[in-house]
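Participant: Before we start, here is the structure in question, set down as structure tokens.
The values are calculated or read from the model by the stated rules, or taken from the named source; none is laboratory data. What you see is a predicted model, and the numbers here were worked out from it, not measured in a lab. Every residue, glycine among them, receives a Cβ derived from its backbone with ideal geometry; neighbour counts consider all protein chains shown. Ligands, DNA and RNA are excluded from the accessible area calculation, which covers all protein heavy atoms including side chains. Shrake-Rupley method; radii C 1.70, N 1.55, O 1.52, S 1.80 Å.
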Amino acid sequence: MAKLNVTVPAVDVEVNGVKYRKVERDAQVGDIIRYLDDSDYVTKGAFYAVTRIDGAGDPHISDDDGDDHDLCGEEFEVYAKVSDTGVVYSGVKRPAKVGERIRIVSREDCEDRYENGAEFVVDSTRSSGDVRVTVEGKGSALVLFSEYVVMETANAEKSAPKRLTVGDYAKVIANSTIHNYMIGSFVKIVRDDNDESPYRAERADGTEGDFLAESDVQPATEAEFLAQKRLKVGEFAKVVAKSRMFTTEYVSVGDVVKITEDDGRSRPFKADTVGGKNAGWFMESELVRATDDEVAEAKRKLTAETTTVDPRSQFAKGEKVRLISGGGKYPLNGYDNGGIYEVDTPLYDTHRSGPVIKIVGGVIPHGYAKPEQLAKLTFEVGSTVRLTIEEGKTPRYKWGKVSNGDIGTVRDIADGRAYVDFPAQKRWMALLTELTLVTDGEKSQPQPEPVRFKVGEYARTLVAKAGMPKGSIVKITRDDEDSNPFRSVLLDGSANHYYTQDELEHIDVETAKWATIGRKVNEFKDGDVVQVVDDSCLEVDGAIKNGDIVTLEYAGADMFRLQKSGVDSGNYASTRRFKLVVPVEQRFDRTELGATKAAA
């Protein structure tokens, strides 16, 4: 079944450690619902995740059979995700701002770096509403305006504006009191007399100005206030832009760095990463002062990344495991690969093979395995699994597009079955007994993203499009930086189409140059005019020298006879001893001869 197992305290519920709270609004992708109607396919009182919102605004779920179920006209309660601070968020359709949180609700079909329901913090924005975010483990990604909603507090539109008070940050927007603050500057409230002109504020340079009326200011953020101050050595900053020439691969846009030097020049700031690696040199416009929260989060991530966890700690005493390698050999004599055994001592440190896991249930009393030799038999949503079918047998629900040994991710679990997203087929259904958990050591390592094409480069097409067969040689003439960015033109200019990065493969300029005459690199023909570049092994010494222009006569294999007026015909050479000057198809003398013969 697709219903969720939850803990219910009052109006809050918990799913896999994530808290949700009952809200009075329409359901959105990322919410869960409690079903209150009667149905043959959905359990009354059970909880389900909202998978999508259709064109009529109705939420859809995956029912107990794993099928798509439209909730139009049916009764249910909506529960929204609760943040760590206890705030309930609601998705609002509007262009996001830098630093705001967004949720993916309508992922583009060609996008595989994130799923619907994923949430990100915006790194940068475009006038179109498209934004750039950082996807963990996959780098920067462009999210289209059509794909996301902005996460605001559920009661943000209903609550009255908060009155500014001491400690708050504000933007100066008017001058009704004839004050001495600059319009558009950001200040920090340091005094509140709660009268007609209550506020006195601190400027970015630390000085205080006159009193301000409430109508002279509007709420601002600490980051906006700090951005006005020049950074100092020892302070932390957030990278908002970077130059490949002056910054290192250790830092990306959005990272926090520490200022280590200020030489006062056009690119004054030298910085290190939070982990102490050299981040390079930055201009003032490439950095903003980091808030305390941003610094704390950067340090927390560093700690999490550098803390070593014993991989054996994922196993518990009494847990059932499958042996996936090393069976039948010391120290696993009497234990077979594929067999199911029980963990006796997860952290067994005194074996002569080193730190191991002691297991029982084999032919001999104890076996000793490394963590990468065992697979847990406890599945959960998000687990990485391998399809493991006994040779000669067929899966309960047939093969579909998958093969034995394929690795995928568990999407849902119900009644002894799992829905698995394999590379070749999404939502493939399998019995739990047909799957094996994949250990971290077996998981495929993330591949580096391909180098992005640049305008002016050449490529070979990997798919066919109208007027442009698969394998065509093209030149990149435009990059729109959208979901189908690369305008690619045939070398003769007869057709063009837009392609994605994975629909093209890079080729070098030499390959493209030969392709313009319909040949592979260094493919010569009888009648080509060439220039000699290596005369060291020519049979008639001195008769043909480097730099001479000669004509080729095919002699078999990759050998040609070099013909030059007044020279003996014994000069034979391989293709590496000359370079093309004029292909035979472009020789005027051959063209005129052909025309003469045709006329005759």
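Participant: Once both labels are modelled 7 Å past Cα along the beta-carbon direction, what's the THR477-ARG52 spacing in nm?
Facilitator: Each label point lies 7 Å from its Cα, and together they span 3.6 nm.
Participant: Using a simple charge model, +1 on the beta-carbon of Lys and Arg, -1 on the beta-carbon of Asp and Glu, nothing else, what dipole does the range 339-419 show about its Cα centre, in debye to the nearest 20?
Facilitator: My answer is approximately 240 debye.
Participant: Give me the net charge of ASP262's neighbourhood, meaning all other residues with Cβ under 11 Å from the Cβ of ASP262; Lys, Arg count +1, Asp, Glu -1. Don't skip to the answer; put the middle values down first.
Facilitator: Working: positive: ARG230, LYS232, ARG265, ARG267, LYS270; negative: GLU235, GLU261, ASP263, GLU284.
Net charge around ASP262: +1.
Participant: Given labels modelled 7 Å from the Cα in the Cβ direction, how far is it in nm from LYS398 to ASP38?
Facilitator: 3.6
Participant: Which of the GluC sites (Glu not before Pro) across the range 248-299 are loop residues per DSSP, with 14 or fewer other Cβ within 10 Å? Walk me through the intermediate numbers first.
Facilitator: Values: sites: GLU249, GLU261, GLU284, GLU286, GLU294, GLU297; in loops: GLU249.
When the GluC sites (Glu not before Pro) of the range 248-299 are filtered for loop state and at most 14 Cβ neighbours within 10 Å, GLU249 remain.
Participant: Expressed as a rounded percentage, what relative contact order does the chain have, with Cα pairs under 8 Å and six or more residues apart? Can you show the working numbers first?
Facilitator: Values: 1208 pairs, mean separation 30.8, N = 600.
Relative contact order, the chain: 5 percent.
Participant: Next question. Hey, can you grab everything whose amide H is under 5 Å from the amide H of GLU319? Only 5+ residues off in sequence or another chain; H modelled, so Pro and N-termini drop out.
Facilitator: Excluding prolines and chain starts, which carry no amide H, the hits are VAL343.
Participant: Count neighbours as other Cβ atoms within 10 Å of each site's Cβ, and list the trypsin sites (Lys or Arg not before Pro) in the range 299-329 that are DSSP loop with at most 12 such neighbours. Kindly include the intermediate steps, with their values, before the conclusion.
Facilitator: Working: sites: LYS299, ARG300, LYS301, ARG312, LYS317, LYS320, ARG322, LYS329; in loops: LYS317, LYS329.
In loop regions of the range 299-329 (DSSP not H, G, I, E or B), the sparsely surrounded trypsin sites (Lys or Arg not before Pro) are LYS317, LYS329.
Participant: Oh, and also: Enter the accessible area of TRP399 (Å², nearest 10), with the probe set to 1.4 Å and all protein chains included.
Facilitator: 80
Participant: Please determine, in degrees from 0 to 90 and to the nearest 10, the orientation of helix 588-599 with respect to the longest principal axis defined by the Cα atoms of the chain, where the helix direction is its Cα long axis.
Facilitator: Long axis of 588-599 versus the principal axis of the chain: about 70 degrees.
Participant: Let me ask something else. Which trypsin sites (Lys or Arg not before Pro) in the range 365-405 pass both tests, a DSSP loop state and at most 16 other beta-carbon atoms within 10 Å? Could the numbers behind the result be given before it?
Facilitator: Working: sites: LYS376, ARG386, LYS393, ARG396, LYS398, LYS401; in loops: LYS393, ARG396, LYS398, LYS401.
Here the sparse-neighbourhood loop sites are LYS393, ARG396, LYS398, LYS401.
Participant: Please give every one of the aspartates and glutamates within straight-line cross-link reach of LYS564, meaning a C-alpha to C-alpha distance under 12 Å, and leave out same-chain neighbours fewer than 8 residues apart.
Facilitator: By straight Cα distance, LYS564 reaches ASP548, GLU553.
Participant: What's the FRET efficiency of ASP193 with GLU14 using the Cβ-Cβ distance as r and R₀ = 51 Å, to the nearest 0.05?
Facilitator: Values: r = 46 Å, r/R0 = 0.91.
Efficiency at R0 = 51 Å is approximately 0.65.
Participant: Next question, about the same structure. As a check on your grasp of the helix formula, calculate [θ] at 222 nm for the chain: sum -39500 (n - 2.57) over DSSP H runs of n ≥ 4, divide by the residue count, round to the nearest 500. Write out the running numbers ahead of the final one.
Facilitator: Working: 4 runs with 39 residues, N = 600.
Helix contribution divided over all residues of the chain: -2000 deg cm²/dmol.
Participant: Considering only the other residues whose Cβ falls under 13 Å of the Cβ of TRP428, what net charge follows from Lys and Arg at +1 and Asp and Glu at -1? Numbers along the way, then the final one.
Facilitator: Values: positive: ARG386, ARG396, LYS398, LYS401, ARG411, ARG417, LYS426, ARG427; negative: ASP406, ASP412, ASP421, GLU434.
With Lys, Arg at +1 and Asp, Glu at -1, the neighbours total +4.
Participant: Residues with beta-carbon under 10 Å from that of GLY361, excluding GLY361: net charge, scoring Lys, Arg +1 and Asp, Glu -1?
Facilitator: Value of the local net charge: -1.
Participant: Let me ask something else. Would you pull out the residues with amide H under 5 Å of VAL240's amide H, same chain only if 5 or more places away, H placed 1.01 Å from N?
Facilitator: Answer set, sorted by chain and number: GLY254, LEU287, VAL288.
Participant: Something else: Please tell me the relative contact order of the range 292-341 in percent, rounded to the nearest whole number, where contacts are Cα pairs under 8 Å and at least six residues apart.
Facilitator: On the way: 31 pairs, mean separation 13.3, N = 50.
Rounded, it is 27 percent for the range 292-341.
Participant: What FRET efficiency comes out for LEU491 versus GLU284 if R0 is 45 angstrom and r is the Cβ-Cβ distance? Round to the nearest 0.05. Let's see the in-between values first.
Facilitator: Working: r = 45 Å, r/R0 = 1.00.
Efficiency at R0 = 45 Å is approximately 0.50.
Participant: If you plug each phi of the range 453-464 into the Karplus form 6.51 cos²θ - 1.76 cosθ + 1.60 with θ = phi - 60°, what whole-Hz ³J(HN,Hα) values come out, in order, with x for Gly and Pro?
Facilitator: Along the range 453-464, the couplings run 4, 10, 4, x, 7, 10, 8, 10, 6, 9, 9, 8 Hz.
Participant: Could you point to the label whose value was computed as Cα extents along the principal axes in Å for the structure here, given (1) 96, 55, 54; (2) 106, 86, 60; (3) 76, 58, 39?
Facilitator: Step by step, Cα extents along the principal axes in Å for this structure corresponds to label (2).
Participant: Moving to a separate point now. Enter the angle in degrees (range 0 to 90, nearest 10) between the Cα long axis of helix 292-306 and the first principal axis of the Cα atoms of the chain, meaning the one along which they spread out most.
Facilitator: 60
Participant: Kindly flag which residue pairs out of LYS258/LYS301; LYS238/LYS301; LYS520/LYS579; LYS171/LYS258; LYS93/LYS426 have an alpha-carbon separation exceeding 18 Å in this structure. Don't jump to the answer; show the numbers that get you there.
Facilitator: Values: LYS258/LYS301 16 Å; LYS238/LYS301 15 Å; LYS520/LYS579 14 Å; LYS171/LYS258 27 Å; LYS93/LYS426 29 Å.
Among LYS258/LYS301; LYS238/LYS301; LYS520/LYS579; LYS171/LYS258; LYS93/LYS426, the Cα-Cα distance tops 18 Å for LYS171/LYS258; LYS93/LYS426.
Participant: To continue, here is another question. How much length, in nm to one decimal, is gained on full extension between GLU391 and LYS320, taken as 0.36 nm per residue of separation minus their Cα-Cα distance?
Facilitator: Working: separation 71, 0.36 × 71 = 25.56 nm, distance 2.29 nm.
Here the answer is 23.3 nm.
Participant: Check which residues have an amide H placed less than 5 Å from THR177's amide H, if you skip close sequence neighbours.
Facilitator: It is ALA213, by chain and number.
Participant: In addition: Multiply the residue gap between LYS545 and CYS72 by 0.36 nm, knock off their C-alpha separation, and tell me the result in nm, one decimal place. Provide the component values of the computation, followed by the final result.
Facilitator: Working: separation 473, 0.36 × 473 = 170.28 nm, distance 8.51 nm.
Value of the extension gain: 161.8 nm.
Participant: Follow-up question, since we're still on this one. Just grab the label-to-label distance for GLU100 and SER146, each label 7 Å out from Cα along the Cβ direction, in nm (one decimal).
Facilitator: For the pair GLU100/SER146, the computed spacing is 2.0 nm.
Participant: Could you work out the relative contact order of the range 210-364? I mean the mean sequence separation of Cα pairs under 8 Å and 6+ apart, divided by the number of residues, in percent. Kindly include the intermediate steps, with their values, before the conclusion.
Facilitator: Values: 252 pairs, mean separation 24.1, N = 155.
Value for the range 210-364: 16 percent.
Participant: How much length is gained if the chain between ILE173 and THR303 is pulled fully straight, taking 0.36 nm per residue apart and subtracting their Cα-Cα distance, in nm to one decimal? Intermediate results must be reported in sequence, preceding the final value.
Facilitator: Working: separation 130, 0.36 × 130 = 46.80 nm, distance 4.15 nm.
Going from the current span to full extension adds 42.6 nm.
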